[in-house]
Amino acid sequence: MFDSAGSELSVTVDGGTLNAMVYVLRHEATHIVDFAVGAAPDPAHPSGNHPLVSGIWRDGITPVDQYRLPILMGISYRRNGRVIPVTQAADLYDALGRTPFISVYASCDSHDDLAELVAWTELTVRLHQPYRILISKGGIVMRVIEPAQSSLVQARLKYLSQLTGS
């Protein structure tokens with residue numbers, strides 16, 4: 001996602017001590033639940049959106065205007081996106097903090113938004129793992145961002161149980 005050539009800056013994700021497969025399995029399992037119950041909006045059938053995504057996504061790949069921030073819309077995960085200089089990492093995560101997306105990847109489409117929200121919430125809340133973005137310069141951490149602590153992300157968590165009806 002970042003071009004760090006010639007820079008002392010680096011970006012790392014601290015997701016705790018569990019094997020990364022724990023995150024991967026939660027993310028991918030959420031896609032299965034999503035497609036089974038139709039939680040994320042489908043551009044062909046936008047009515048009946050689940051409250052987890054309603055007011056956030058215009059369609060499956062387009063956030064509502066409030067969350068269509070240029071830096072997020074231009075990242076390499078999106079069609080026609082690009083790798084950005086690591087010097088823009090703080091700007092990227094500042095923009096993320098103004099959205100209800102728990103990760104930069106979650107800002108790409110409604111299905112991954114839901115999968116990321118569930119996976120990171122499971123890791124942080126149920127499994128007590130950290131989820132921190134660390135921006136370092138020359139090996140010294142200059143900034144720590146905790147996307148799961150965002151009030152916009154937290155406001156969405158009450159709707160997670162509605163996916164299964166429990």
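If you wrap a convex hull around the C-alpha atoms of the chain and split its volume per residue, what is the figure in Å³?
Looking at the chain, the number lands at 116 Å³ per residue.
D59 label point, 7 Å along Cα→Cβ, cut-off 19 Å on backbone N: hits in segment 97-119?
The answer is 107-114, whose backbone nitrogens lie closer than 19 Å to the label point.
Compute the acute angle (0 to 90°) between the alpha-carbon long axis of helix 20-37 and the principal axis of greatest extent of the alpha-carbon atoms of the chain; round to the nearest 10°.
Result, in degrees: 30.
Would you kindly state how much longer the chain becomes between H128 and A29 on full extension, computed as 0.36 nm times their sequence separation minus their alpha carbon distance, in nm to one decimal?
So the chain would gain 33.7 nm between H128 and A29.
Taking only DSSP H segments of four or more residues, each worth -39500 (n - 2.57), what value at 222 nm results for the chain once the sum is divided by all its residues, to the nearest 500 deg cm²/dmol?
-8000 deg cm²/dmol
What list of ³J(HN,Hα) values in whole Hz, one per residue of segment 53-67 in order, does the Karplus curve 6.51 cos²θ - 1.76 cosθ + 1.60 (θ = phi - 60°) give from phi, with Gly and Pro shown as x?
10, 5, x, 10, 10, 6, 8, x, 10, 10, x, 4, 3, 4, 10
Pop the C-beta distance of Q149 and Q88 into the FRET formula with R0 = 25 Å and round what comes out to the nearest 0.05.
0.65
Could you state the per residue volume, in Å³, of the convex hull enclosing the Cα atoms of segment 94-163?
Output value, Cα hull per residue: 93 Å³.
What is the packing order of peptides 116-124, 137-145, 6-14, taking the mean over residues of other C-beta atoms within 10 Å and listing the highest first?
So the peptides 116-124, 137-145, 6-14, ranked by packing, come out 116-124, 6-14, 137-145.
Can you tell me the FRET efficiency between I140 and A36 if r is taken as the Cβ-Cβ distance and R0 is 45 Å, rounded to the nearest 0.05?
Working from the Cβ atoms, E equals 0.45.
Express the C-alpha Rg of segment 67-109 as a ratio against the empirical globular expectation 2.2 N^0.38 Å, rounded to two decimals.
For segment 67-109, the normalised Cα radius of gyration is 1.02.
Suppose every K and R has +1 on its Cβ and every D and E has -1 on its Cβ; what is the size of the dipole of the chain about the Cα centre, in Debye to the nearest 20?
Once rounded to the nearest 20, the dipole reads 220 debye.
Every read-out reported here was derived from the displayed coordinates using simple, explicitly stated rules and does not represent laboratory data. Nothing here was measured: the structure is a model prediction, and the numbers come from that model. Reconstructed Cβ throughout: ideal geometry from the backbone, glycine too, with neighbour counts over all protein chains shown.
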